[in-house]
Amino acid sequence: MPHCSNHVPRSSTGLSCLLPSSQREGEEEEEEGSDEPEALETNECLFCPRFSNDFEENLSHMSRVHGFFLPDLEYVTDPKGLVAHLCEKVGLGYLCLYCNERGKRFHCVEAAQQHMVDKCHCKMLFEGDAALDYAEFYDYSKSYPDYIPDDTKKDHPLPDARDTSLHVNEDLELVLPSGATAGHRSMRQLFKQRLPSAEHQKALMVTRVMSQYRALGWR
């Protein structure tokens, strides 16, 4: 099962911000300037310096090693965008994801990461007003009693009694009065090669991540 580790490996460049304040101030005086903070990459762990080959591998690492899970994953519409937002909080704001704005801002990324690991705060604060910060990445309409999937609406559109004409849509398909479509022969090869939409790709990503979570005992 995922657990909180008490050790975070660090690069030598990030050690100074973890020193006592008096010693850190002395070293800062010797430096003429410092680099501007940058958001972490989506393939970079939020809690340690590990870089993964890709985004999904990084999610798997954070779940297995740090016990981090995206809350209400089945309602997430853009998992990569959500994690990118978390990367900004840690990389730019030097914030703990669980203490969030109510906690202090640390001196560097490494200090924020060490705090989250030491306090078992490798999780999002997802309640009350804090949850509103992530609203753009979620869609809870599927949980509504009267929810109708978009695919169902597309496959079975409501008939319009006033419309008895035929017309051609933007995909060069002939649209019948019933709402059924007939593809144009000139577009036959394109129909066969049509790539999944961005929304469909994100949904597939959520499905794959959920499979990883369930393999780790997530419910």
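Any idea how many residues of the range 101-144 are touching a Ser or Thr at 6+ places or on another chain (Cβ under 8 Å), more than 22 Å from ASP78 (Cβ to Cβ) and surrounded by fewer than 18 Cβ atoms within 10 Å (Cβ to Cβ)?
Here the count works out to 0.
Can GLU36 be described as modelled with pLDDT of 55 or more, in contact with a Phe, Trp or Tyr (Cβ under 8 Å, 6 or more places away or on another chain) and open to solvent by 70 Å² or more (accessible area, probe 1.4 Å)?
no
Give me a count of the residues in the range 103-135 that are free of Cβ contacts under 8 Å to residues at least 24 places away in the same chain and in a helix (DSSP H, G or I).
Total meeting the criteria: 7.
Quick one: would you say TYR98 is at pLDDT 95 or above, open to solvent by 20 Å² or more (accessible area, probe 1.4 Å), over 29 Å from SER143 (Cβ atoms) and not in a helix (DSSP H, G or I)? Even if it seems obvious, please write down each step before you answer.
On the way: at pLDDT 95 or above: yes; open to solvent by 20 Å² or more (accessible area, probe 1.4 Å): yes; over 29 Å from SER143 (Cβ atoms): no; not in a helix (DSSP H, G or I): yes.
For TYR98, the condition - at pLDDT 95 or above, open to solvent by 20 Å² or more (accessible area, probe 1.4 Å), over 29 Å from SER143 (Cβ atoms) and not in a helix (DSSP H, G or I) - is not met.
Return the residues of the range 61-77 that are open to solvent by 30 Å² or more (accessible area, probe 1.4 Å) and part of a helix (DSSP H, G or I); say none if nothing qualifies.
Scanning the range 61-77 gives ARG64, VAL65, GLU74, TYR75.
The values are calculated or read from the model by the stated rules, or taken from the named source; none is laboratory data. These numbers were taken from a predicted model, which means no experiment stands behind them. Because the Cβ atoms are built from the backbone with ideal geometry, glycine has one as well, and the counts that use them run over all protein chains shown. In case anyone asks, the SASA skips ligands and DNA or RNA and just uses the protein heavy atoms, side chains included. Shrake-Rupley method; radii C 1.70, N 1.55, O 1.52, S 1.80 Å.
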